[in-house]
1. Taking the Cα centre of the stretch 1-100 as origin, work out the dipole magnitude from +1 charges on Lys and Arg Cβ and -1 charges on Asp and Glu Cβ, in debye rounded to 20.
2. Name the helices (complete DSSP H segments) of the chain with a Cα length along the long axis of 30 Å or more and a Kyte-Doolittle mean of at least 1.0, or state none.
3. Counting pairs of alpha carbon atoms under 8 Å apart in space and at least six apart in sequence, what relative contact order in percent does the chain give?
4. Which residue, F32, F43, F110, tops the fluctuation ranking in a GNM of the chain built on C-alpha contacts under 10 Å?
5. Taking only Cα atoms and a 10 Å spring cutoff, compute GNM fluctuations for the chain and point out the largest among L69, L98, L55.
6. Among (1) 17.2, 50; (2) 18.4, 60; (3) 13.3, 42, only one was calculated for this model; which label is it, if the read-out is Rg and Dmax of the Cα atoms in Å?
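Derivation of every value follows stated rules applied to the coordinates shown; laboratory data play no part. Bear in mind the structure is a predicted one, so any value in this text is a computation, not a measurement. Don't worry about glycine lacking a Cβ; one is built from the backbone with ideal geometry, like all the others, and counts go over all protein chains shown.
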Amino acid sequence: MNKAATVALVGIVDDDESVRNSISSLLRSAGFRTLMFESAEAFLESERISDADGLVLDVKMPGLSGIELQRRLIELKHIVPIVFVTAHADDEIREVALAQGAIAFFAKPFNDEALLGVLSRLSI
């Protein structure tokens, strides 16, 4: 299959299963493919780490936080567009996430159209 014809694959990393499922359903309804992970560690340990064209990350999770996952990916030189979706919208954390290269930072509950708009710009 031609890479230009490939549908973007978005990894969703959130410790809340209902949130993972909800975001995955939203993205799939908009034509994205999704991978779901219950933790940052599960994502890092997966064989799919380099497959994701973008990530939707929660900030606060047991173990590594979304911000720590973002830092690990930078250290691994694995640059991937990241959108944070969090119930813990703290201005300092938001600034750190964006300074480290996140393409968006949304507080839960977020606007579905805003999330889809940001992710629709993923280039694959």
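1. Here the size comes out at about 520 debye.
2. Qualifying helices, which must be both long enough and hydrophobic enough, do not occur.
3. 24 percent
4. Evaluated over the chain, the most mobile residue of the options is F110.
5. Looking only at L69, L98, L55, the largest GNM fluctuation is found for L98.
6. Computing Rg and Dmax of the Cα atoms in Å and matching it to (1) 17.2, 50; (2) 18.4, 60; (3) 13.3, 42 gives (3).
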